[in-house]
Amino acid sequence: MPANGHLRWQGDEEARDAVYANRARLKSGVGRAAMRKRGELVERSFAHVLDRGGMRRAWLRGRENIAKRYLIHVAGFNLGVLMRVLVGCGTPRERAEAPTNAFLFVIRTDSATGIVIIADIGGTPAMLVVIAAPELV
């Protein structure tokens, strides 16, 4: 809304409709849930990289060097997220300290060979099964 309180949409009804529709979407329950999810997933990760990771005060010469540093830093952050989802630990140090029990079974028959790994990684069971035909072995 302008400072003097008058709206001037004459001749630009398409822009007015877009603004009002966007406002309605943002105030709806679905829009509010999307904004909460955005704040939880996207904004928090940026804040973590910038503040906790120290990227807000990067002392490098040139925008290209800062962009390279930022790219590497964010790639490391994303790798930690992937490690946490796949393995249950976000850093290699955390993974090394996690208790792990693993069993390896190799089963070989005339028709196939199977390799089974059963692991307990930080209290979460995981299993990998690989079966190969004899012509592949």
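Can you give me the pair-distance distribution of the chain, C-alpha pairs, 10 Å bins, whole percents?
Calculated over all Cα pairs of the chain, the distribution is 9, 18, 18, 21, 17, 9, 5, 2, 0 percent.
Leaving ligands and nucleic acids out of the surface, order Leu50, Leu7 by accessible area at 1.4 Å, largest first. Before the final figure, lay out the partial values.
On the way: Leu50 40, Leu7 85 Å².
Ranked from most to least accessible, the order is Leu7, Leu50.
State in Å² the accessible area per residue of the stretch 1-136; use a 1.4 Å probe, count heavy atoms of protein chains only, and round to the nearest integer.
On the way: 11500 Å² over 136 residues.
Dividing the accessible area of the stretch 1-136 by its residue count gives 85 Å².
Treating the angle as unsigned and between 0 and 90°, give the value, to the nearest 10°, between the Cα long axis of helix 29-38 and the longest Cα principal axis of the chain.
Rounded to the nearest ten degrees, it is 60.
To one decimal place, what Kirkwood hydrodynamic radius in Å is obtained for the stretch 55-122 from all pairs of distinct Cα atoms? Write down the numbers at each step before the final one.
Details: mean 1/r = 0.0645 Å⁻¹.
It works out to 15.5 Å.
Helix 63-86: angle to the longest alpha-carbon principal axis of the chain, degrees 0 to 90, nearest 10?
Here the helix axis deviates by roughly 50 degrees.
What angle do you read, to the nearest 10 degrees and between 0 and 90, between the alpha-carbon axis of helix 13-27 and the longest principal axis of the chain?
50
Using the Karplus curve 6.51 cos²θ - 1.76 cosθ + 1.60 with θ = phi - 60°, work out ³J(HN,Hα) for each residue of the stretch 42-49 in order, rounded to whole Hz, and write x for Gly and Pro.
Values per residue, Gly and Pro as x: 7, 5, 5, 5, 5, 5, 5, 5 Hz.
To the nearest 500 deg cm²/dmol, what mean residue ellipticity at 222 nm is calculated for the chain from DSSP H runs of n ≥ 4 alone, each contributing -39,500 (n - 2.57), summed and divided by the residues?
Numbers: 5 runs with 59 residues, N = 137.
Mean residue ellipticity at 222 nm (helix-derived): -13500 deg cm²/dmol.
If you average 1/r over all unlike Cα pairs in the stretch 1-77 and invert the result, what Kirkwood radius do you get in angstrom? Write out the running numbers ahead of the final one.
Details: mean 1/r = 0.0617 Å⁻¹.
Kirkwood radius, the stretch 1-77: 16.2 Å.
Could you list the chymotrypsin sites (Phe, Trp or Tyr not before Pro) in the stretch 18-71 that lie in coil according to DSSP, counting only those with at most 15 other Cβ atoms within 10 Å of their Cβ?
Values: sites: Tyr20, Phe46, Trp59, Tyr70; in loops: Trp59.
Hits after loop and neighbour filter: Trp59.
Kindly provide the trypsin sites (Lys or Arg not before Pro) of the stretch 67-137 that DSSP labels as loop, not H, G, I, E or B, and whose Cβ sees at most 12 other Cβ atoms within 10 Å. Write down the numbers at each step before the final one.
Numbers: sites: Lys68, Arg69, Arg84, Arg93, Arg95, Arg108; in loops: none.
The qualifying sites: there are none.
Can you send over the solvent-accessible area of Ile115, 1.4 Å probe, protein chains only, in Å² to the nearest 10?
Here the residue's solvent-accessible area equals roughly 70 Å².
Using a 1.4 Å probe on the protein chains only, how many percent of the accessible area of the chain belongs to carbon and sulfur?
The nonpolar share, carbon plus sulfur, comes to 60 percent.
The values are calculated or read from the model by the stated rules, or taken from the named source; none is laboratory data. Predicted, not measured: the structure shown is a model, and the values here were computed from it. Positions of Cβ are backbone-derived with ideal geometry, glycine not excepted, and every protein chain shown enters the neighbour counts. Quick note on the areas: whole protein, heavy atoms, side chains included, nothing else; ligands and nucleic acids left out. Shrake-Rupley method; radii C 1.70, N 1.55, O 1.52, S 1.80 Å.
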